[in-house]
Each structure stands twice: as C-alpha cells, then as structure tokens.
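Structure first, then comments.
The values are calculated or read from the model by the stated rules, or taken from the named source; none is laboratory data. Predicted model, so just to flag it, every value in this text is computed and none were measured. Cβ: placed from backbone, ideal geometry, glycine included. Neighbour counts: every protein chain shown. Surface accessibility is based on the protein's heavy atoms, side chains included, excluding ligands, DNA and RNA. Shrake-Rupley method; radii C 1.70, N 1.55, O 1.52, S 1.80 Å.
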Amino acid sequence: MAFKIAFLVYNGVAELDFVGPKDVFFASSWLAKRNDELYLVAPSKDPVTCLGGLRVLPDYDFANAPLPDLLVVPGTAEPAPQIDNSDLLTWVATASGHCTWTTSVCTGAAILLAAGPVKGRKITSHSMAIEPLRARKDATALDHVRYVVDGNVVTSAGVSAGIDMALWLVGRMYGADHARAVQQVLEYYPD
C-alpha cells in the first residue's frame, strides 16, 4: 500500500529536521518499489527559506494539500511564529486527525502541542526545548531519549533524531528487515 507522507515546511524550518526523515521514507519506498507520495506542504506555494538558508519549493499549500497518512512536523530555532499562526495550527490539527502516524522532530513538538495532537501525551524535543514544553503542562516532556512513541504519535529529539524516528517507523510499517535494508542504503550507523 502506498502512503501519502507530508512534511510541513515554513520559513525558518530546520533543514535536516525534514530532509533526514524524507530521505529515510524515500529510500524505503525506492527499495520496496512502492509509489509512496512524499510532499512538502507550506502556508503558501511561495519558496520557503530554511533556517540554514536553503530555499525549497513546497509542493502544496494548506488549501490544496492532500490529507496525509503520515505527517512530519519539523522544528526550528524559534517556534513562536508557527505557534502563533492559526492557519498553520488548523492545518496541522486537520492533517493529524486523518493520519495513521503523526510525528515531529525537534521543536516541531511545540507546534504539535499548540495544534492539539500531543496534548496529554508523552513527548520529546530538542534538549534545549524540553523545559519550555514542561512549563506548558499539557504534555509530559521526556529528555535524554531519541524518540518517544505514544499511541500513533512519535516525537523525536533534535535534528538527527528524526532519522532514528523515521527508521523506527519504517520498521513498524514494513518490518525490521526492511528498516535494516533502508539503514544500509543510507549508510546510517550511529554509535
């Protein structure tokens, strides 16, 4: 079965937060000869300037994006503009409500918390973002973990932890042997 996998992007998004998981899901689809649809969704179709300066073109905006089976909400150095963006939060909440899996990388957990999908759940984020999440008191923020699974929600710590999370999801969706094959294709062998 082909999956629709959406990656939220916005000005200031951390590149590796979405590119790392996207490469994992692409390698998985390529190895299995599936036609998973991987696409970038942004508030508009205008180019997005990422945190490190990379510019990307979204495939869809909120008005025309297909509802995904799996949503990846990446983080940024300062998530306040996204947390204050009601259109972004509405789209995240709607998309998440349709998903088999809702995920975040880094401070994407703060966006999921503001949008609602992780309220009352165990979550994690970048080590520097744990205390602000705890201060909100609507979720249990765990530190010193790479990713946290709570039902159909998977949140991951900062940056490269998103790759670990995506590999775990590939293993969950398609089996451990397939996930190991994806890991081998990516030559990703953290200590």
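Suppose we flag trypsin sites (Lys or Arg not before Pro) only when DSSP calls them loop and at most 16 other Cβ atoms lie within 10 Å. Which is the longest uninterrupted stretch of the chain?
Longest gap between qualifying sites, sites excluded: 46-118.
Along Cα→Cβ, 7 Å out, is where each label goes; now give me the distance between the ones at K33 and I83 in nm to one decimal.
That separation, rounded to one decimal, is 4.8 nm.
Within the chain, what whole-number % of the accessible surface is contributed by carbon and sulfur, with the 1.4 Å probe and all protein chains included in the calculation?
Here it works out to 53 percent.
Can you give the % of DSSP beta bridges in region 1-119 that are antiparallel, to the nearest 5?
Taking every DSSP beta bridge within region 1-119, about 20 percent pair in antiparallel fashion.
Assuming R0 = 25 Å, what is the FRET efficiency of F26 and S127, from their Cβ-Cβ distance, to the nearest 0.05?
That pair, F26 with S127, gives E of 0.35.
Compute the label zone of N11 within region 87-113: residues whose backbone N is under 16 Å from the point 7 Å along Cα-to-Cβ.
Answer for region 87-113: 87-88.
Cross-link partners among lysines for K33, C-alpha distance below 26 Å, same-chain residues fewer than 8 apart left out?
K4, K22
Distance between the C-alpha centers of region 32-63 and region 117-191? Whole Å please.
Using only Cα atoms to place each centre, the spacing works out to 21 Å.
For the pair D177 and R146, what calculated FRET efficiency results from E = 1/(1 + (r/R0)^6), where r is the Cβ-Cβ distance and R0 = 22 Å, to the nearest 0.05?
My answer for the efficiency is 0.55.
For the chain, what is the relative contact order in percent, using Cα pairs closer than 8 Å and at least 6 residues apart in sequence?
This gives 20 percent for the chain.
Where nothing but the Cβ of Lys and Arg (+1) and of Asp and Glu (-1) is charged, how large is the charge dipole of the chain around its Cα centre, in debye to the nearest 20?
Charge dipole, the chain, about its Cα centre: 400 debye, nearest 20.
Quick one: give the max-minus-min coordinate of the C-alpha atoms of the chain along each principal axis, largest first, in Å.
Result, largest extent first: 40, 37, 31 Å.
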